[in-house]
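Asker: After the structure tokens below, expect a handful of questions from me.
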Amino acid sequence: MKSLFALTAALILGLGIAAGGYLAGDGLVKSRLGDRSVSVKGLSEREVKADLALWALRFVVTGNDLAETQAEVKRNAEVVGNFLKSHGFSEEEIELQAPQVTDRLAQMYSSGQFDTRFIIAQQLVLRSTDVDKVAAANRDSSALVEQGVVLSNEYGPVRPSYLFTRIADVKPEMLEEATLRAREAAETFAADSGARLGGIRRAWQGQFSIQPRDEIPGAQETEQVMKTVRVVSTVEYLLVD
């Protein structure tokens, strides 16, 4: 009797473990199936035109006589100012910044002989929303050389910077388009896998980037009037049977 009882108990225990394992396994499969998802990206691009131009026209004059050097700086500033006004810019769009004066003999660690003692750098900054007019003036800037003004820049060529500041105006429409394209890609994936697209599980809005419309070697985005605004949104959708 004891042997029969032990055998019966072992059989019941084995059936219980097997049933429990089946139920647990079935639950795991259902859980995984219910958690199926697909992550897709949606791209939106816009070609835009810069709406603000900044142009720092910097010139440097050297000399041994401070008064004469200052007079030449003043003449250069007048030439540059008249040049900008001749291209239709108002005085409100032109800012004359303070000069930077260097006396080489007054420098603590200076040594040796200098061809010129004084170095005076000054610049006029043009700020205009008429980017086409700024671009036209830039193309004609060789006229300044003809009048004895040589523009210089410590960081490279003296060129206008063209900026697009109205990103907030295109942001809502572009995000909507990026999300729509992501959903289209997700629907295609769901159809190919024999499932249906469920709701959004998670979503990430990508960073907006402004890039040059034309990929010109060595050219910066700020040097081009026409630009491309781009955003990529990542959306994770649930898949259902």
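Asker: For the range 182-192, give me each residue that is in contact (Cβ under 8 Å) with a residue 60 or more places away in the chain and either of a type in the set (A, V, I, L, M, F, W, C) or open to solvent by less than 80 Å² (accessible area, probe 1.4 Å) (or both).
Answerer: Selection gives Ala182, Ala185, Ala186, Phe189, Ala190.
Asker: May I pose another question? Step by step: first the residues of the range 200-224, then only those that are open to solvent by less than 40 Å² (accessible area, probe 1.4 Å) and over 16 Å from Lys49 (Cβ atoms), then the one that is modelled with the lowest pLDDT. Which residue is that?
Answerer: We begin by selecting, within the range 200-224, every residue open to solvent by less than 40 Å² (accessible area, probe 1.4 Å); these are 206, 209, 212, 219, 224.
Of the ones still in play, those that are also over 16 Å from Lys49 (Cβ atoms) are 206, 209, 219.
Working: Gly206: 85, Ser209: 95, Ala219: 77.
Step by step, filter the range 200-224, then rank; the result is Ala219.
Asker: Can you pull out the residues in the range 194-232 that are part of a loop (DSSP other than H, G, I, E, B), of a type in the set (S, T, N, Q) and touching a residue at least 60 places away in the same chain (Cβ under 8 Å)? Please lay out each step first, then the result.
Answerer: In the first step, residues of the range 194-232 are kept if they are part of a loop (DSSP other than H, G, I, E, B); the result is 194-195, 206-208, 213-220, 224-225.
Pick out the ones that are also of a type in the set (S, T, N, Q) and you get 207, 220, 224.
The answer is Gln224, and nothing else.
Asker: What do you reckon, is Tyr237 aromatic (Phe, Trp, Tyr), assigned to a strand (DSSP E or B), over 18 Å from Glu47 (Cα atoms) and touching a helix residue (DSSP H, G or I) at 6+ places or on another chain (Cβ under 9 Å)?
Answerer: Details: aromatic (Phe, Trp, Tyr): yes; assigned to a strand (DSSP E or B): yes; over 18 Å from Glu47 (Cα atoms): yes; touching a helix residue (DSSP H, G or I) at 6+ places or on another chain (Cβ under 9 Å): yes.
It is true that Tyr237 is aromatic (Phe, Trp, Tyr), assigned to a strand (DSSP E or B), over 18 Å from Glu47 (Cα atoms) and touching a helix residue (DSSP H, G or I) at 6+ places or on another chain (Cβ under 9 Å).
Each row is one residue, and each column tells you yes or no for (1) hydroxyl-bearing (Ser, Thr, Tyr); (2) in contact with a helix residue (DSSP H, G or I) (Cβ under 8 Å, 6 or more places away or on another chain); (3) more than 30 Å from Ile210 (Cβ to Cβ).
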residue	(1), (2), (3)
Ala98	no, no, yes
Arg104	no, no, yes
Arg127	no, yes, no
Val134	no, no, no
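Asker: Can you go through Thr179, Thr188, Thr222 and tell me which one is of a type in the set (Ser, Thr, Tyr) and farther than 30 Å from Val240 by Cα? First the steps, then the outcome.
Answerer: On the way: Thr179 fails: farther than 30 Å from Val240 by Cα; Thr188 fails: farther than 30 Å from Val240 by Cα.
After ruling out the rest, the residue left standing is Thr222.
Asker: Does Gly148 count as exposed (fewer than 12 other Cβ atoms within 10 Å of the Cβ), part of a loop (DSSP other than H, G, I, E, B) and not polar (S, T, N, Q)? If you could, list the steps in order and put the result at the bottom.
Answerer: Working: exposed (fewer than 12 other Cβ atoms within 10 Å of the Cβ): yes; part of a loop (DSSP other than H, G, I, E, B): yes; not polar (S, T, N, Q): yes.
Against the criterion (exposed (fewer than 12 other Cβ atoms within 10 Å of the Cβ), part of a loop (DSSP other than H, G, I, E, B) and not polar (S, T, N, Q)), Gly148 qualifies.
Asker: So, one more: Within the bounds of the range 78-92, is there any residue that is in contact (Cβ under 8 Å) with a residue 24 or more places away in the chain, within 12 Å of Ala56 (Cα to Cα) and open to solvent by 90 Å² or more (accessible area, probe 1.4 Å)?
Answerer: Within the range 78-92, not a single residue is in contact (Cβ under 8 Å) with a residue 24 or more places away in the chain, within 12 Å of Ala56 (Cα to Cα) and open to solvent by 90 Å² or more (accessible area, probe 1.4 Å).
Asker: Here is a further query. Modelled with pLDDT of 85 or more, over 36 Å from the mean Cα position of the chain (by Cα) and assigned to a helix (DSSP H, G or I): which single residue out of Ala67, Ala24 fits that description? Full working, then the answer.
Answerer: Values: Ala24 fails: modelled with pLDDT of 85 or more.
None of the other options fit; the residue is Ala67.
Asker: Considering the range 119-142 alone, what residues qualify as being more than 14 Å from Ile94 (Cβ to Cβ) and open to solvent by less than 20 Å² (accessible area, probe 1.4 Å)?
Answerer: The answer is Ile120, Ala121, Val131, Ala135.
Asker: For Lys227, which of the numbered conditions (1) open to solvent by 50 Å² or more (accessible area, probe 1.4 Å); (2) basic (Lys, Arg); (3) closer than 27 Å to Leu57 by Cβ fails to hold?
Answerer: (1)
Asker: How about the range 48-64: which of its residues are open to solvent by 40 Å² or more (accessible area, probe 1.4 Å) and not in a strand (DSSP E or B)?
Answerer: Scanning the range 48-64 gives a single hit, Asn64.
The values are calculated or read from the model by the stated rules, or taken from the named source; none is laboratory data. Note that this is a predicted model, so its numbers are computed, not measured. Cβ sites come from the backbone with ideal geometry, for glycine too, and all protein chains shown count toward neighbours. The area values use the complete protein model at the heavy-atom level, side chains included, leaving out ligands, DNA and RNA. Shrake-Rupley method; radii C 1.70, N 1.55, O 1.52, S 1.80 Å.
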